[in-house]
Amino acid sequence: MSTLCQIRDLSVTYRDQPNPALAHVTLDIEAGGRLAIIGESGSGKSTLARTLAGLLPPRTHLTGEIQWTGGTPPRPGRDLGFVFQDPSSSLNPVLTIGEQVAEGARQHLDLGWKQALERAQDMLERVRIAQADRVLRAYPHQLSGGQRQRVAIAAALAAKPKILIADEATSALDVVVQAEIVALLDDLVRDAQMTLIFITHDIALASGFADRVAIFKDGRLVEAGPTASLLAAPAQGYTRTLLQSHLDLTSPPLVEEAAT
Amino acid sequence: MRLVRNLIGSPEGAIGLGILVLLALVAIFAPVLSPGDPLSIAARPLLAPFTDPSFPLGTDRLGRDVLAGIIHGTRTSLAVGIAAALAALAIGLCVGLTAGFAGGLVDEALMRVVDAFQIVPSFLLALAFVSVIGASVPVVVIAIALGAWADPARLTRAQVLSIRERDYVASARVIGMHPAEIALREILPNALPPVLALSAIIVAAAILTEAALSFLGLGDPNVVTWGSMIAEGRNVLRSSPSLSIFPGIALVVTVVAVYLFSEGLTKTIGRGRLAA
Amino acid sequence: MNRAIRLIRRRAISSIPVLLIVVILTFGLLESASGDAVDAYLLSIGGGDATVAQALRQAYGLDQSMMARLWVYVSSLATFDLGWSIAFDRPVLDLILERLPNTLLLMGSATAISFGLGSALGIVAGAKPESAVDRTLSTVSLILYAIPSFWLGLVLSIVFAVQLRWLPTSGIETIASGKGGLARALDITRHLVLPVGALALIYMALFLRVMRSGMAEAWQLDFVVFARSKGLSRSRIVLRHVARNALLPLVTMLGLQSAAMLGGSVVIESIFAIPGFGRLAQEAVGGRDAPLLMGIIVVSAVLVICVNLIVDLVYAALDPRVGASESAG
């Protein structure tokens, strides 16, 4: 596995904020793998995602560096695709689905509109949207949450980037739909040999399909490593707490535990 | 009072408020700044501006002091502007609250009346009203208010409808708060801010409408107004354009001050809500 | 298409009670005048005795009770009969139809120019909020919108018509010039430059501000960040994503302003002596001509309803979410 990028002592502070969102983060990201970045709210995981994608707001203060193999950072759209948490607001309500999926392809692959829309239809079929030709002419408000997220994924991948960052891409969806989207992402990334960086607060979801995980707390990297070994034998107390507080049907009821 | 302090904090609000305070002082102290009747003949006619120190802005066709006219005209513009806006807000709030709370047929009927007042151009309405009832300051105030109350009414009603459904109102109902108490303590304070932001715009529009009415000769003939001064100056536009220009500048300065104050107010209210 | 037809039908039906309220309230207002049109007419011809007044009143139906007259008026409205102008001694509808085209030309041109320029400049300002360009345009538009239209008309008149003599001071065309076709159109255009200019400058300021604030708000929305993440060009994001959304509140504002713009025609037509609808209102007021004033208010209301309907149709065309809950799928 080759390295995609090396993050060295990265600190990010938003404009007008006293405390840094990320502090002294050092991490290597492998190319072609699936990395899950896990943390609770305020852990800095979304900030890391946006820093990697170059989507920070203007006048954000950055120290440290990110070294990308290939020299230059990936260009949004062409080299890197980004999927956001809330599919309802990611899509422009007044433009058709077709236009929003095709525009990336048109911009970066130098296609005419007709060809770009054909490619858009292909992409919609790839993300398993039924009646893709009709959906091309539809508008976002006519689709369900799960469908909109699929459209967002299709739009992000339209220009065939090599990296996909999914920032809490399933958190706003129903549980059953979540599993479908995760399976879809897994499938797409494997097929195109892309690098997937998956941001989530749900450790169980991540453990299902990530190769490596990185745990974040309060803007700092707690620990990182291969999924299986890290979850089986966490080195840090916080990781252990995260694992323990994860509830599934096999764990004893929390209320009972608290009472004892 | 925190509102006032916050207002001074925003630069537009401060400038606007400053100019308005200055204008208010000019209006209040007009008889002191410029004693005597501004409509009386003071010197020879058509004295050019900046020539005679005792008549810095010159005199008009009849020999009336232009500066005196501008100073006294401040009273009319500010008084009519503020009074008309207050009247429009009062009517609008009443109608909007009633419609929002009552619902059903009352709401429907009231909204049709609001529609009626919104589709008739407010200037035509004011024109008709003043020409029928007669031109005096109170009539002009009512005429302008009649054309302006529909927007605050609609806004108030929209606010009431949206706030009624909010969680904190439902919780108040659940703990058994009396409906009137809910209206006063929960709904009204949250419904007011956007309506207040609108009020400054209404003042500005009222000032401009009053000027236009006076310009057309439908203002109160017994008081001096900037609009009537501009109309007067129109007769000698070619030879003495300054007669129409100075009162116009006074109008622009006043309205700009109101707009700046309104922008400061909007920003403060926005911030205030976040702080609360 | 279906959405449009449904909207038109609904609007036509709901407008009737509103128009009725307008008619009744205006009628009530004009009733409270101390003299009626006959009094004013007699005044203008130097007086007349009671029998003449009585005969005139009978001829014009002014001696009936208020309710009876209201009923007669409302029922004649249904046949598009707006009554008889006493001051002009002609049917009100004819007078209005004669004057309306001039006003529509004036208002239409002013609206088109101010909308086009205002939205273009608003996009320039809103492309980079808080930039120097934005601050300059915002300040200029603030001052422009504070200027009374009649004063601006006068100032433009002083500069361009009096001092520079480039343009005529009044009227809509050179009287009895015998021009036709293109020459006439050019003549009318020359006459309309100043009045349209005065109106357009002020409304341009308003549209600029609305477009600019709409864009400033749209920049905050998530789909803009998504567009950036797709690596789209800046011009595409500014125009196709941000401005396209900011267009919606701008179109709404156009509808809201239509009544005000119609009212504003009164003073501008007065200054530039344009024989239009607004000027007719002023003449009706001066002549105490209640039927004419009544007709003018009713026609204004109908015009505003029509303009609002067109604006709503345009809005529905621009925003696919409108009327969505009513459609089958």
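Is it true that some residue in the range C:239-254 is within 14 Å of chain A (Cβ to nearest Cβ), farther than 27 Å from C:S109 by Cα and in contact with a strand residue (DSSP E or B) (Cβ under 8 Å, 6 or more places away or on another chain)?
no
Restricting to the range B:231-263, give me the number of residues that are of a type outside the set (A, V, I, L, M), part of a loop (DSSP other than H, G, I, E, B) and more than 9 Å from chain C (Cβ to nearest Cβ).
Selection size over the range B:231-263: 3.
Right, C:G231: crowded, with 21+ Cβ neighbours inside 10 Å, within 14 Å of chain A (Cβ to nearest Cβ) and either more than 15 Å from the chain's Cα centre (by Cα) or outside any helix (DSSP H, G or I) (or both) or not?
yes
Between residues in the range C:6-25 that are more than 14 Å from chain B (Cβ to nearest Cβ) and residues that are surrounded by 15 or more Cβ atoms within 10 Å (Cβ to Cβ) and in a helix (DSSP H, G or I), which pairs lie under 7 Å by C-beta distance while being six or more apart or on different chains?
If the second residue must be surrounded by 15 or more Cβ atoms within 10 Å (Cβ to Cβ) and in a helix (DSSP H, G or I), the pairs left are C:L7/C:D312; C:L7/C:L313; C:L7/C:A316; C:I8/C:L309.
Could you check, for the range B:234-249, whether at least one of its residues is at pLDDT below 80 and out of contact with any His (no Cβ under 9 Å at 6 or more places or on another chain)?
No: the range B:234-249 contains no residue that is at pLDDT below 80 and out of contact with any His (no Cβ under 9 Å at 6 or more places or on another chain).
Give A:L62, A:L52 a once-over and let me know the one that is more than 10 Å from every other protein chain (Cβ to nearest Cβ), modelled with pLDDT of 90 or more and part of a strand (DSSP E or B).
Answer to the selection: A:L62.
Does B:L196 fit the bill of being within 14 Å of chain C (Cβ to nearest Cβ), of a type in the set (A, V, I, L, M, F, W, C) and in a helix (DSSP H, G or I)?
no
Go through the range C:273-294 and give me each residue that's under 17 Å from the mean Cα position of the chain (by Cα) and either surrounded by fewer than 24 Cβ atoms within 10 Å (Cβ to Cβ) or more than 9 Å from chain B (Cβ to nearest Cβ) (or both).
Within the range C:273-294, C:I274, C:P275, C:G276, C:F277, C:R279, C:L280, C:Q282 meet the criteria.
Out of all the residues in the range A:77-103, which are touching a strand residue (DSSP E or B) at 6+ places or on another chain (Cβ under 9 Å) and either part of a helix (DSSP H, G or I) or more than 7 Å from chain C (Cβ to nearest Cβ) (or both)?
A:D79, A:L80, A:G81, A:V83, A:Q85, A:S90
Which one is farthest from the chain's Cα centre (by Cα) among residues in the range B:155-183 that are acidic (D, E) and in a helix (DSSP H, G or I)?
Ranking the candidates gives B:D167 first.
Looking at A:A105, A:A169, A:A183, A:A179, which one is over 21 Å from C:H241 (Cα atoms) and crowded, with 20+ Cβ neighbours inside 10 Å?
Residue meeting the stated conditions: A:A169.
Could you tell me whether any residue of the range A:162-175 is farther than 18 Å from A:F82 by Cβ, modelled with pLDDT under 90 and not basic (K, R)?
Scanning the range A:162-175 turns up at least one residue that is farther than 18 Å from A:F82 by Cβ, modelled with pLDDT under 90 and not basic (K, R).
Any residue at all in the range B:65-83 that's free of Cβ contacts under 8 Å to residues at least 40 places away in the same chain and part of a loop (DSSP other than H, G, I, E, B)?
No, because not a single residue in the range B:65-83 is free of Cβ contacts under 8 Å to residues at least 40 places away in the same chain and part of a loop (DSSP other than H, G, I, E, B).
Looking at the range A:104-126 only, could you name the residues that are touching a helix residue (DSSP H, G or I) at 6+ places or on another chain (Cβ under 7 Å) and within 12 Å of chain C (Cβ to nearest Cβ)?
Result: A:G104, A:A105, A:R106.
Taking only the range A:136-164 into account, find how many residues are over 24 Å from the mean Cα position of the chain (by Cα) and more than 12 Å from chain C (Cβ to nearest Cβ).
Qualifying residue count for the region: 1.
Look through the range A:46-66, keep the residues that are touching an Asp or Glu at 6+ places or on another chain (Cβ under 8 Å) and not β-branched (V, I, T), and return whichever of them is surrounded by the fewest Cβ atoms within 10 Å (Cβ to Cβ).
That would be A:E65.
Could you check the range C:256-267 and list, in sequence order, the residues that are in contact (Cβ under 8 Å) with a residue 60 or more places away in the chain and either more than 8 Å from the chain's Cα centre (by Cα) or under 14 Å from C:V299 (Cα atoms) (or both)?
Within the range C:256-267, C:L262, C:V267 qualify.
Is it the case that B:S162 is among the hydroxyl-bearing types (S, T, Y) and under 23 Å from C:A290 (Cα atoms)?
no
Considering only residues that are among the hydroxyl-bearing types (S, T, Y) and more than 10 Å from chain B (Cβ to nearest Cβ), which ones fall in the range C:145-181?
Residues satisfying the conditions are C:S170, C:T174, C:S177.
Can you find, within the range B:218-230, the residue that is modelled with the highest pLDDT among those that are farther than 19 Å from B:A30 by Cα and at the interface with another protein chain (Cβ under 9 Å from one of its Cβ atoms)?
Only one residue tops the list, namely B:I230.
Can you name the condition, by its number, that C:D94 falls short on among (1) away from chain B (no Cβ under 14 Å); (2) surrounded by 21 or more Cβ atoms within 10 Å (Cβ to Cβ)?
So C:D94 meets the others, but not (2).
Got a sec? Which of A:Q100, A:Q115, A:Q131 is modelled with pLDDT of 90 or more and over 16 Å from A:R148 (Cβ atoms)?
A:Q115
Taking the stated definitions as given, is C:W151 of a type in the set (F, W, Y), crowded, with 19+ Cβ neighbours inside 10 Å and more than 17 Å from the chain's Cα centre (by Cα)?
Yes: the conditions hold for C:W151.
Quick test of your reading of the structure: C:L221 fulfils all but one of (1) within 12 Å of another protein chain (Cβ to nearest Cβ); (2) surrounded by 23 or more Cβ atoms within 10 Å (Cβ to Cβ); (3) of a type outside the set (S, T, N, Q); (4) under 30 Å from A:A49 (Cα atoms). Name the failing condition by number.
It fails just one condition, (2).
Taking the condition more than 14 Å from the chain's Cα centre (by Cα) and touching a residue at least 12 places away in the same chain (Cβ under 8 Å), does A:E103 pass?
It is true that A:E103 is more than 14 Å from the chain's Cα centre (by Cα) and touching a residue at least 12 places away in the same chain (Cβ under 8 Å).
The values are calculated or read from the model by the stated rules, or taken from the named source; none is laboratory data. Treat the numbers as computed from the prediction; the structure is a model and nothing was measured. Heads up, the Cβs are rebuilt from the backbone with ideal geometry, glycines too, and the neighbour counts pull from every protein chain shown.
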